[in-house]
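For reference, the structure discussed in these notes is given below.
Nothing in this text is a laboratory measurement; each read-out follows from the coordinates by a stated rule. Every value quoted in this text rests on a predicted model; they were computed, and no experiment measured them. We place every Cβ from the backbone using ideal geometry, glycine too, and count neighbours over all the protein chains shown.
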């Protein structure tokens, strides 16, 4: 087995810098939270797009509720022979008033801290300081919505239905109040005005399944083990980054991709292909060997971040 | 590779408990805390701490990405649940009415006075200006009040103070129209605009004061002051109190932003914002009562003395509710 590692070239270094930049972008929305037990958790903030989507879904639901209520009340009023039309009107307005004002509050105070729209988008409200999410915070963040959404809307309508100087006033009002509407895009924590005042933020609802351990699957195939005897040099070629990429690859990529990656690894570590060796078997065993090697190093305090790390 | 990986053994030993925790938290999220059995409740804190320690350990010994991100998810989910809101809506509402709201209002007496000064000060100003020269009326009320202007006859003005229609339909629509009138909007805006150092809040409250003062001057100049007071205050005590409180909530936030003291500006705004929100939702509740009084009370009661009695009664009730000392109270 010859020494396979070479000094990193200029292109390698550039590739590494690029990778770090991509990682930084991917973790721009990650926020650290230290629990009272002292463990550090990572919360992922919701993107502004997801929140806008959630808001639109919620309003579609609210409007559907309005339609259903008005339809039901009309039917009942008709059933009563159209006596008391005024009562029906007033009743409908009352219910609409309640739904419009308390829809968001009702759902966000609930156990999931999310409206149906937020749940569909996979986000929820959480307290920014890591403490309890109080009812007051929910109230505050939803009252401020009046200013954020309905003020621009008001100016928009009055721009459409006014003339002369009034139009200009409305346009300036629209621009000014529009600033609040687009505030989530203007700060790094994606806070809207209501979040700022209430001390909340919107995070992605954590969802992740525990999958099988790839190393275990290979451990079962005891007879195959003797075939894959990687030397220390062969296992020293890659670092943690490559290990993680290999893990993702084994979990989700296609057969063709696996074949080509297996070929590249074989070439890199100088591995003679065995007569009945399949690509997947090779990758799995190499993954298990590499992980064992790297984890052992980890226990000794050496963290080999990637293949350029010596 | 005759022996299994250490990180795999680590996972195998703890996996069952992770799944158990996952199951409990999912159940609680779907069906509420009450769906949990006693065993679940007892196991929850232990399982949660175990998962957190597993996560810390896994980070230092395991390189299995999936295990670590799963544990992070599990811990975050459990954390949000364990430290999340716990009370249900009913007990929260009971707490709000018994302690939360009156305590918040009582603690905010300074901004309340400021807000009242804005409302009644500007009202007085408009009243005096209009009494000197009724032309001022047009400055304050460009189009809002409709037919009740200095051009109307005294008899017409008087007739607007009493109503003949007393059927349920009329009352109900007056009530709902009142709900949709600008009042609850004004209250929420006064709160929500507070963050700009309270300036828009002051303008909003003062503007309402000006309208009120000009309106009052018009009736006063026709010798209808006594009658108007009854017409206005039967629900006005509640309504104006609500607007004053909403303004106070706005000023609290403004004050929090402008004078943060030891805290950062953002923390200070948050601290003020939370108790101010309590006051603001309370103001909406008050406006609801005001709408009831206006829709039903004022239509049914056309006697000045009874109107006065109700006005004084509501005033005493609100003052007692907010400012009488209480045996126990959690600070909001």
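Table for the structure above
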| item | result |
| --- | --- |
| Structure-based [θ]222 nm, chain B - -39500 (n - 2.57) summed over DSSP H runs of at least 4, per residue, nearest 500 | -25000 deg cm²/dmol |
| Percentage relative contact order, segment A:1-142, counting C-alpha pairs under 8 Å, at least six apart | 22 |
| Cα-projected label distance for residue A:209 with residue A:232, points at 7 Å along beta-carbon direction, nm | 4.1 |
| Mean Cβ neighbour count within 10 Å, used as a protection proxy, ranking A:269-280, B:240-251 highest first | B:240-251, A:269-280 |
| For residues of A:25-37, the mean tally of beta carbons on other chains within 10 Å | 2 |
| Computed label-point distance, nm, for sites residue A:248 and residue A:65 using a 7 Å Cα→Cβ extension | 4.0 |
| Cα centroid separation - segment B:228-289 against segment A:264-282, whole Å | 72 |
| Rh (Kirkwood; distinct C-alpha pairs) - segment B:31-131, Å | 18.9 |
| Gaussian network model of chain B, springs between alpha carbon atoms under 10 Å - residue of B:34, B:103, B:303 with greatest fluctuation | B:34 |
| Computed FRET value (nearest 0.05) for residue B:203 with residue B:316, which takes r as the C-beta separation and R₀ as 30 Å | 0.45 |
| Computed P(r) (all Cα pairs; segment A:127-169; 10 Å bins; percent) | 24, 29, 21, 16, 9, 0 |
| GNM flexibility winner over chain B from B:71, B:300, B:210 (Cα, springs under 10 Å) | B:71 |
| Helical mean residue ellipticity (222 nm; -39500 (n - 2.57) per DSSP H run of 4+; nearest 500) of chain A | -19500 deg cm²/dmol |
| Protection proxy ranking, peptides B:153-159, A:189-195, average beta carbon neighbours within 10 Å, highest first | A:189-195, B:153-159 |
| Shielding by other protein chains, B:69-78, mean Cβ within 10 Å | 6 |
| Sites residue A:28 and residue A:274 - FRET efficiency at Förster radius 45 Å, r taken between beta-carbons, to 0.05 | 0.50 |
| Chain B: equivalent-ellipsoid semi-axes (sqrt of 5 x gyration tensor eigenvalues, Cα, Å) | 58, 22, 17 |
| Estimated inter-spin distance, residue B:303 and residue A:297, nm [label 7 Å along Cα→Cβ] | 9.4 |
| Cα coordinate range in segment B:249-332, projected on the principal axes (Å, largest first) | 55, 29, 16 |
| For B:128, B:253, A:105, order by how many other beta-carbon atoms lie within 10 Å, fewest first | B:128, A:105, B:253 |
| Gaussian network model of chain B, Cα within-10 Å springs - most flexible of B:75, B:118, B:130 | B:75 |
| Alpha-carbon radius of gyration plus Dmax, which is the widest Cα pair, for the protein assembly as shown in Å | 33.0, 111 |
| Neighbour-count ranking [beta-carbon atoms within 10 angstrom, fewest first] of A:292, B:27 | B:27, A:292 |
| P(r) weight above 14 Å for segment A:99-181, C-alpha pairs, percent | 68 |
| Segment residue A:100-residue A:132, length gained on full extension (0.36 nm per residue, minus Cα span) | 8.9 nm |
| Mean separation of Cα contacts under 8 Å (6+ apart) over length of segment B:211-332, as relative contact order % | 35 |
| Per-residue average of Cβ from other chains inside 10 Å of A:89-100 | 4 |
| Packing-based order for A:254-262, B:194-202, using average beta carbon neighbours within 10 Å, highest first | B:194-202, A:254-262 |
| Relative contact order of chain B, pairs being alpha-carbon contacts under 8 Å that are 6 or more residues apart, as % | 23 |
